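Taking it in order: structure first as structure tokens, then the write-up.
The values are calculated or read from the model by the stated rules, or taken from the named source; none is laboratory data. Note that this is a predicted model, so its numbers are computed, not measured. Please note: Cβ atoms are built from the backbone with ideal geometry, for glycine as well, and neighbour counts cover all protein chains shown. In case anyone asks, the SASA skips ligands and DNA or RNA and just uses the protein heavy atoms, side chains included. Shrake-Rupley method; radii C 1.70, N 1.55, O 1.52, S 1.80 Å.
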Amino acid sequence: MIIKHIILIGFMGSGKSTVGIELAKKLELDFVDTDQEIEKREKMTISEIFEKRGEEDFRQLEMMVFSSIINRPFSSVI
């Protein structure tokens, strides 16, 4: 079986990152945290993005980052 990506969704603080890191280790896949990717690209924290640019802009960034991750040629846990 070929796995392209495993995508974890849920509310803030629900444990997505904790479970994702462990799952990625078990399956020997990369783990990608979309919030960390956004912060790295924007050179701001998520809180700063919400404060300075608003939720709508954050959601657009989130979709852009998510799209770039799922189009990578290797499998990952997101």
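Points to keep in mind about this one:
- Selection of chymotrypsin sites (Phe, Trp or Tyr not before Pro), the chain, meeting DSSP coil and at most 16 other Cβ within 10 Å: F11, F74
- Summed residue charge, Cβ within 11 Å of T34's Cβ, Lys/Arg positive, Asp/Glu negative: -2
- 1.4 Å probe accessible area per residue over the chain, in Å²: 73
- Accessible surface of the chain, 1.4 Å probe, proportion on carbon and sulfur as whole %: 57
- Straight-distance candidates among the lysines for linking to K4, with alpha-carbon spacing under 29 Å and chain neighbours fewer than 8 residues away dropped: K16, K25, K26, K40, K43.
- Amide H within-cut-off set for V77, under 5 Å, with H built and near neighbours excluded: I6, D30, F31, V32
- Loop-located trypsin sites (Lys or Arg not before Pro) across the chain with a Cβ neighbour count of 11 or fewer within 10 Å are K4, K43, with loop assigned by DSSP.
- In sequence order, the range 64-72 has phi-based couplings of 4, 5, 4, 4, 5, 5, 6, 8, 5 Hz under the Karplus curve 6.51 cos²θ - 1.76 cosθ + 1.60, θ = phi - 60°, and Gly or Pro positions carry x.
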